[in-house]
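Peer 1: Have a look at the structure that comes next, please.
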Amino acid sequence: MEFDPDTARAIETHRTEQRLGVSEAVHELIRRGLVARPSGPPFRQRTAPLALSADVSSVADALEVLEGPTAR
């Protein structure tokens with residue numbers, strides 16, 4: 001199995017610090033990632049009324065309305 005350079009460094013650091021084999025280090029790091037909790041509140045998309053009405057069934061037409069006919 002090949003690892004990206006940053007992942008390989010993390011594995012090697014963990015392996016060396018804990019005196020583990022490569023497979024053991026990989027498994028421990030995977031398990032740690034599986035139980036990791038996100039830091040901070042969950043993402044919430046905020047919306048605001050724009051008082052704009054545009055037919056978006058055609059993307060090209062919607063862009064023309066929003067950006068103007070010379071925006072292309």
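Peer 1: If a residue has to be within 18 Å of Met1 (Cα to Cα), outside any loop (DSSP other than H, G, I, E, B) and among the aliphatic types (A, V, I, L, M) to count, how many in the range 14-37 make the cut?
Peer 2: The number of residues fulfilling the criteria is 5.
Peer 1: Continuing with this model, one more query. Anything in the range 38-72 that is surrounded by 10 or more Cβ atoms within 10 Å (Cβ to Cβ), part of a helix (DSSP H, G or I) and of a type in the set (Val, Ile, Thr)? List them, or say none.
Peer 2: Val65, the sole residue that qualifies.
Peer 1: Filtering the range 1-13 down to residues that are assigned to a helix (DSSP H, G or I) and within 24 Å of the chain's Cα centre (by Cα), which residue is surrounded by the most Cβ atoms within 10 Å (Cβ to Cβ)?
Peer 2: Ile11
Peer 1: How about the range 14-30: which of its residues are surrounded by 12 or more Cβ atoms within 10 Å (Cβ to Cβ) and of a type outside the set (A, V, I, L, M)?
Peer 2: Of everything in the range 14-30, those that are surrounded by 12 or more Cβ atoms within 10 Å (Cβ to Cβ) and of a type outside the set (A, V, I, L, M) turn out to be His14, Arg15, Glu24, His27, Glu28.
Read-outs: derived from the displayed coordinates by stated rules, not from any lab. All values derive from a computational prediction rather than experimental measurement. Heads up, the Cβs are rebuilt from the backbone with ideal geometry, glycines too, and the neighbour counts pull from every protein chain shown.
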